[in-house]
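Undergrad: I'd like to ask some things about the structure below.
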Protein chains: 2
Amino acid sequence: MSERRSGEGQPDKTLALLWRNHSQPTAGDNPTDARRRGAGRRPSLTVDDVVRAGIRLADEQGLAAASMGGLAKELGVGTMTLYTYVPAKELLLDLMVDQVLGERELPGPGEPRPDDWRAQVEIYSEQTRAMFQRHLWMSQVSAIRPPVGPGMLAAREYLLSALLGAGLSPRDTNTAALAVTTYIDSAASNEAESRLVERTTGQTNDAWWYERNDLWETYFDVDQHPAMTTIWNAKGYHSNTREAVADSYRYGLDRLLDGIQAMLDPGPGQDVRADPVQGVAD
Amino acid sequence: MSERRSGEGQPDKTLALLWRNHSQPTAGDNPTDARRRGAGRRPSLTVDDVVRAGIRLADEQGLAAASMGGLAKELGVGTMTLYTYVPAKELLLDLMVDQVLGERELPGPGEPRPDDWRAQVEIYSEQTRAMFQRHLWMSQVSAIRPPVGPGMLAAREYLLSALLGAGLSPRDTNTAALAVTTYIDSAASNEAESRLVERTTGQTNDAWWYERNDLWETYFDVDQHPAMTTIWNAKGYHSNTREAVADSYRYGLDRLLDGIQAMLDPGPGQDVRADPVQGVAD
DNA sequence: TCGAATTCCCGTAGGGTATACGAGAATTCA
DNA sequence: TGAATTCTCGTATACCCTACGGGAATTCGA
């Protein structure tokens with residue numbers, strides 16, 4: 001009934017694989033090292049080989065192509081051989097995701113970064129957008145319960161440090177960071193998914209809309225949609241879908257950061273603003 | 001190679017089904033009406049029967065349970081019978097989605113609504129959140145190229161009218177509405193997906209984190225994560241995951257609307273704000 | 001009243017997915 | 001030179017969507 005994901009239930013093994021390249025000195029023998037002494041047949045691959053091949057295949061031919069069978073064929077081994085390196089496909093996906101999350105070039109602690117906190121957030125935004133554009137399939141992966149690996153943690157640390165440096169309280173920093181990542185990650189993911197759909201269907205978004213021209217002629221009721229009609233008549237709609245998405249991304253991020261900044265600045269003689277509506281919560 | 005979705009390529013048929021209950025007087029005979037005169041065997045179901053059953057099954061047992069086979073069994077017919085009503089599963093999903101999108105109780109044109117534009121946006125936010133909570137599977141459906149049906153269009157019209165009424169230009173209204181829906185829809189979707197994962201795995205998010213305690217003891221490097229450490233030591237993290245998500249949702253929405261509001265108000269003697277960083281675009 | 005036309009019903013078949021199981025091959029150690 | 005260990009991978013199972021085509025039901029025209 002409760003279709004449990006296969007990789008679950010072994011969090012120790014999962015963590016060991018995610019952090020395989022960050023061996024702690026105290027950990028002693030790391031059983032996931034590529035080379036090991038002792039009896040037994042030599043492995044022909046490494047975990048990194050499998051992860052890299054998965055990312056490459058997903059980049060070039062889509063996430064569906066990175067199936068266990070397809071991946072095995074790509075690597076020139078039998079399908080079941082992969083299960084020697086990775087206990088389940090779900091976990092392999094976690095490894096691919098954390099690898100990609102860690103690709104972003106974000107200044108670590110002690111490394112040089114802009115003074116302005118907004119410029120720091122901007123770096124996170126641009127690196128994240130670029131990451132999604134490089135790996136469109138990332139838009140198809142759930143961001144809930146992400147891999148708790150070095151890549152994910154480094155990015156989280158960076159964004160928290162940017163907001164903490166802006167002067168937010170520790171509590172607000174955490175809250176604001178969640179809100180900012182929600183916006184940036186979701187918008188960047190949508191942007192990538194949009195492009196992915198264009199690629200896989202071979203149809204641009206504009207062509208898709210054009211195909212639905214019948215909507216306006218046959219079904220659209222002007223009286224029911226006065227705002228849309230007003231905007232249409234005022235030529236308020238972008239002619240290019242991708243441009244509209246990019247514009248709204250900038251606009252939303254700028255307004256969100258404006259709002260956060262306003263909480264920081266004492267504000268020179270500014271009116272006390274009316275409380276935002278709070279009472280609609282269920 | 002290019003795995004085309006099956007429902008595509010027939011936009012006319014798609015639109016006719018989406019708008020099946022909004023027959024235009026000019027359209028004459030609507031071939032999708034439940035009852036029709038003329039020869040031929042009588043259908044035992046209607047499209048609405050199939051759509052409703054799909055939504056119910058997905059609500060109760062998850063989106064995967066709403067397969068063509070499972071749905072047919074639920075309705076007491078053969079699997080292939082469903083294809084008499086709906087040309088492809090992809091299109092059935094579109095019908096389910098638009099039905100649910102239209103469930104939101106948003107004031108139409110001419111109907112009473114709050115004067116304050118922020119309160120109007122708040123209604124959209126709460127209705128959307130509630131919709132996702134009623135139908136957790138909606139979080140698993142792509143929002144790219146959504147069904148262009150009455151439900152989707154009504155919600156879009158509502159949000160546009162709220163921002164247009166706030167005094168934004170037509171162009172800015174469209175841009176801002178895209179940004180606001182991106183934030184609200186994504187955050188509400190994430191919230192629902194989080195709860196869905198809890199349900200399907202039978203494990204709360206807090207239990208999931210607890211299972212990964214090893215991370216902090218074995219792999220976490222304090223020197224590499226000073227901001228996280230600071231927040232941790234200041235007890236800045238929420239003890240309850242769901243509470244953290246809800247707090248950040250409120251915070252982000254309030255700041256985003258603050259930012260939009262600041263663009264509207266002339267601002268009494270307010271400093272000219274430095275331009276946000278723009279130069280990082282690729 | 002009886003074909004003919006029309007429409008709905010649905011079994012079968014085919015190609016895709018992940019992975020449990022277990023036998024076989026390769027390597028090292030005693 | 002066994003024995004122990006580890007990697008390799010073919011087979012089988014249980015799902016998914018849907019193209020195809022024959023059969024069943026209903027109405028219309030003569």
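Undergrad: Any chance the stretch A:203-212 includes a residue that's surrounded by fewer than 20 Cβ atoms within 10 Å (Cβ to Cβ), more than 8 Å from every other protein chain (Cβ to nearest Cβ) and among the charged types (D, E, K, R)?
TA: Our first condition is that a residue be surrounded by fewer than 20 Cβ atoms within 10 Å (Cβ to Cβ); within the stretch A:203-212, this holds for A:203-212.
After this cut, where a residue has to be more than 8 Å from every other protein chain (Cβ to nearest Cβ) as well, the list is A:204, A:206-207, A:209-210.
Filter once more, so that each one left must be among the charged types (D, E, K, R): A:206.
Within the stretch A:203-212, one or more residues are surrounded by fewer than 20 Cβ atoms within 10 Å (Cβ to Cβ), more than 8 Å from every other protein chain (Cβ to nearest Cβ) and among the charged types (D, E, K, R).
Undergrad: If I go through the stretch A:92-114 residue by residue, how many of them are free of Cβ contacts under 8 Å to residues at least 60 places away in the same chain, over 26 Å from A:A246 (Cα atoms) and in contact with a Gly (Cβ under 9 Å, 6 or more places away or on another chain)?
TA: So the count comes out to 4.
Undergrad: Something else: For the stretch B:56-99, enumerate the residues that are crowded, with 20+ Cβ neighbours inside 10 Å, assigned to a loop (DSSP other than H, G, I, E, B) and more than 12 Å from DNA strand C (Cβ to nearest atom).
TA: Correct list: B:A66 only.
Undergrad: Please find, among A:G259, A:G236, A:G252, the residue that is outside any helix (DSSP H, G or I) and open to solvent by less than 20 Å² (accessible area, probe 1.4 Å). I'd like the intermediate steps shown before the answer.
TA: Details: A:G259 fails: outside any helix (DSSP H, G or I); A:G252 fails: outside any helix (DSSP H, G or I).
Exactly one residue qualifies, and that residue is A:G236.
Undergrad: Same structure again: What single numbered condition from (1) more than 7 Å from chain A (Cβ to nearest Cβ); (2) among the aliphatic types (A, V, I, L, M); (3) open to solvent by 20 Å² or more (accessible area, probe 1.4 Å) fails to hold for B:L164?
TA: Failed condition: (1).
Undergrad: Could we say that B:E126 is at pLDDT 95 or above and of a type in the set (D, E) here?
TA: For B:E126, the condition - at pLDDT 95 or above and of a type in the set (D, E) - is met.
Undergrad: Looking at the stretch A:65-92, which of its residues are within 13 Å of DNA strand D (Cβ to nearest atom) and within 14 Å of chain B (Cβ to nearest Cβ)?
TA: Result: A:S67, single match.
Undergrad: Here's another thing I want to ask about it. Whether any residue in the stretch B:143-154 is of a type outside the set (S, T, N, Q), farther than 24 Å from A:E217 by Cα and open to solvent by 20 Å² or more (accessible area, probe 1.4 Å) is what I want to check.
TA: Yes: the stretch B:143-154 contains one or more residues that are of a type outside the set (S, T, N, Q), farther than 24 Å from A:E217 by Cα and open to solvent by 20 Å² or more (accessible area, probe 1.4 Å).
Undergrad: Would you check if A:T200 is open to solvent by 30 Å² or more (accessible area, probe 1.4 Å), modelled with pLDDT under 95 and within 8 Å of another protein chain (Cβ to nearest Cβ)? So that I can check it myself, show each step before the final result.
TA: Numbers: open to solvent by 30 Å² or more (accessible area, probe 1.4 Å): yes; modelled with pLDDT under 95: yes; within 8 Å of another protein chain (Cβ to nearest Cβ): yes.
Spelling it out, A:T200 is indeed open to solvent by 30 Å² or more (accessible area, probe 1.4 Å), modelled with pLDDT under 95 and within 8 Å of another protein chain (Cβ to nearest Cβ).
Here is a yes/no grid of residues against (1) assigned by TED's automatic domain parsing to the domain that holds A:R56; (2) under 15 Å from A:T46 (Cβ atoms):
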site	(1), (2)
A:G69	yes, no
A:L75	yes, yes
A:G78	yes, no
A:L82	yes, yes
A:V86	yes, yes
A:K89	yes, no
A:L92	yes, yes
A:L95	yes, yes
A:D116	no, no
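Undergrad: Does at least one position in the stretch A:105-123 carry a residue that is crowded, with 17+ Cβ neighbours inside 10 Å, not charged (D, E, K, R) and not in a helix (DSSP H, G or I)?
TA: yes
Undergrad: Given the conditions (1) within 23 Å of B:D258 (Cα to Cα); (2) modelled with pLDDT under 95, and given that A:Q261 satisfies all but one, which numbered condition is not satisfied?
TA: A:Q261 satisfies all of (1) within 23 Å of B:D258 (Cα to Cα); (2) modelled with pLDDT under 95 except (2).
Undergrad: Among (1) assigned to a helix (DSSP H, G or I); (2) touching a helix residue (DSSP H, G or I) at 6+ places or on another chain (Cβ under 6 Å); (3) of a type outside the set (K, R); (4) more than 30 Å from A:T201 (Cα to Cα), which single condition is B:A188 missing?
TA: (4)
Undergrad: Tell me, please, whether a residue that is within 16 Å of DNA strand D (Cβ to nearest atom) and either in contact with an Asp or Glu (Cβ under 6 Å, 6 or more places away or on another chain) or among the polar types (S, T, N, Q) (or both) can be found in the stretch B:126-144. Quick ask: steps written out before the conclusion?
TA: Within the stretch B:126-144, the subset within 16 Å of DNA strand D (Cβ to nearest atom) is B:137, B:140-142.
Subsequent filtering for residues that are either in contact with an Asp or Glu (Cβ under 6 Å, 6 or more places away or on another chain) or among the polar types (S, T, N, Q) (or both) retains B:140, B:142.
Taking every residue of the stretch B:126-144 in turn, at least one turns out to be within 16 Å of DNA strand D (Cβ to nearest atom) and either in contact with an Asp or Glu (Cβ under 6 Å, 6 or more places away or on another chain) or among the polar types (S, T, N, Q) (or both).
Undergrad: If you go through the stretch B:18-50 one residue at a time, how many are open to solvent by less than 60 Å² (accessible area, probe 1.4 Å), β-branched (V, I, T) and at pLDDT below 85?
TA: Within the stretch B:18-50, residues that are open to solvent by less than 60 Å² (accessible area, probe 1.4 Å), β-branched (V, I, T) and at pLDDT below 85 number 1.
The values are calculated or read from the model by the stated rules, or taken from the named source; none is laboratory data. For clarity, every value in this text was computed on a predicted model and none was experimentally measured. Cβ coordinates were reconstructed from backbone atoms using ideal geometry, including for glycine residues, and neighbour counts include every protein chain displayed. SASA here: full protein model, heavy atoms, side chains in, ligands and nucleic acids out. Shrake-Rupley method; radii C 1.70, N 1.55, O 1.52, S 1.80 Å.
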